[in-house]
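Colleague: Below is one structure. I have some questions about it.
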Amino acid sequence: MQQRILGRTDREVSVVGLGTWQLGADWGEVTETDAREVLEASAEAGVTFYDTADVYGDGRSEQLVGRFVAAHPDAGFTVATKMGRREDQVPANYVEANFRAWLDRSRRNLGVDTIDLVQLHCPPSAVIDDDATYDVLDRLVEEQVIAAYGVSVETAAQALSAIARPHVASVQIILNAFRMKPLDEVLPAAEAAGAGIIARVPLASGLLSGKYGLDTTFAADDHRTYNRDGSAFDVGETFSGVDYATGVEAAQEFTRMVKDSGLDATAAQVALAWVWQQPGVSTVIPGARNVTQAQANAAAGEVAPLPAALLDLVSDLYDGRIRAQVHDRW
């Protein structure tokens, strides 16, 4: 597993990390035993970066990750959490008192005094643009409540605003073969500034695994059932905002392209490699609900550079099937 420096920090992280949203909620039930096995399997495969949030399972994900990391004190893991969605996402709630309360709760959940990296969890643009936001975060770094901070964003404009801030260590953004908008400006700006890019939703909520069909169903408590129209949270977090039928057809074509390429890798592994091999990306954070998925995802960190011919086909697929739906929306 390759390692890279995470943006404006001195921490090395694996190019394939683990997103732990699914260990908390919104992807159907995952038992505590299953969660622990996923974490252990990821670590054994070389994963050193774990991404969570205070609202995943109302803290359950943080607690599971915290106990896991405590059991491996010398492993050199980096844990990133997020804050800001425990209240309504309005600028008035992004104030120092709330920051401190949210972080105290996360520190208890994680079992640490200092959080490695905290990210504002897709806040309103006004919060990202406000000097006062970063004044508070800088104080929290000085007090060693947090070691570093970043911003998780929904749009390219938000990412560019955050990258321009000199102490923003990283920006987390949706990036995958069905969501290429960040390639235009965000990744070049981050690379030039030294900010890290944490790429989320790399498989477009599983579409790019090539395993879903038009008749595939998901559990009622899975966001792929209840958030397809964006009624619960930003629709970009579910299938990258791509219409499901369009996404299934494009994913089937993506899978055929991977098979025809002759690569010794699955469609999902190629999709992950496509992300982490983009210049400027620090790490990509797929989720996993079982050991098999965790091991397969981690193996994507060892995929050789993808051939130019395949990269061209992926770009053509995006331009022909996906771009019109999603590119300018974010």
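Colleague: With each pseudo-label sitting 7 Å past Cα toward Cβ, what's the R139-A157 distance in nm, one decimal?
Modeller: Going from the R139 label point to the A157 one covers 3.0 nm.
Colleague: Karplus couplings for region 218-224 from phi (6.51 cos²θ - 1.76 cosθ + 1.60, θ = phi - 60°), rounded to Hz, Gly and Pro as x?
Modeller: Each residue of region 218-224 in turn: 10, 4, 4, 8, 9, 4, 6 Hz.
Colleague: Same structure, new question: How many nm is it between the label spots at E12 and H327, if each spot is 7 Å from the Cα in line with the beta carbon?
Modeller: My value for the distance between the label points is 3.9 nm.
Colleague: Just report the Cα centroid separation between region 213-255 and region 12-82, whole Å.
Modeller: Region 213-255 and region 12-82 have Cα centres separated by 24 Å.
Colleague: Calculate what fraction, in whole %, of the accessible area of region 146-263 sits on carbon and sulfur atoms when a 1.4 Å probe is rolled over the protein chains.
Modeller: 52 percent
Colleague: With +1 on each Lys and Arg Cβ and -1 on each Asp and Glu Cβ, and nothing else charged, work out how big the dipole of region 152-238 is about its Cα centre, in Debye to the nearest 20.
Modeller: 160 debye
Colleague: Just want the answer: with Cβ charges of +1 for Lys and Arg and -1 for Asp and Glu, which residue in V136, L120, Q269 is farthest toward the dipole's positive end in the chain?
Modeller: Q269
Colleague: Which value in deg cm²/dmol, rounded to the nearest 500, describes the helix-derived mean residue ellipticity at 222 nm for the chain, given -39,500 (n - 2.57) per DSSP H run of n ≥ 4 and division by the residue count?
Modeller: -11500 deg cm²/dmol, from helical runs alone.
Colleague: How much accessible area per residue does the chain have, counting only protein heavy atoms and a probe of 1.4 Å, in square angstrom?
Modeller: 40 Å²
Colleague: In degrees between 0 and 90, to the nearest 10, how far off the longest principal axis of the chain does helix 131-142 point, with axes built from Cα atoms?
Modeller: 70 degrees
Colleague: Along the charge dipole of the chain, which of I163, P279, L313 sits closest to the positive end, that is, farthest toward it, with unit charges on the beta carbon of Lys, Arg, Asp and Glu (+1, +1, -1, -1)?
Modeller: L313
Colleague: Magnitude of the Cβ-charge dipole of the chain, K/R +1 and D/E -1, about the Cα centre, nearest 20 debye?
Modeller: Computed charge dipole of the chain: roughly 240 debye.
Colleague: Report, ordered by chain and residue number, the aspartates and glutamates lying within cross-link reach of K259, taken as a straight Cα distance under 20 Å and ignoring same-chain residues fewer than 8 apart.
Modeller: Straight-distance partners of K259: E249, E302, D312, D316.
Colleague: Something else about it: With all protein chains present, how much of the accessible area of region 5-84 (probe radius 1.4 Å) comes from carbon and sulfur, to the nearest whole percent?
Modeller: Of all accessible area on region 5-84, carbon and sulfur atoms account for 46 percent.
Colleague: Starting from the Cα-Cα distance between E44 and T216, subtract it from 0.36 nm times their residue separation and give me the gain in nm to one decimal.
Modeller: Gain on extension, E44 to T216, equals 58.8 nm.
The values are calculated or read from the model by the stated rules, or taken from the named source; none is laboratory data. The model shown is predicted, which means the values in this text are computed figures rather than measured ones. Cβ: placed from backbone, ideal geometry, glycine included. Neighbour counts: every protein chain shown. For accessibility, only protein heavy atoms count, side chains too; no ligands or nucleic acids. Shrake-Rupley method; radii C 1.70, N 1.55, O 1.52, S 1.80 Å.
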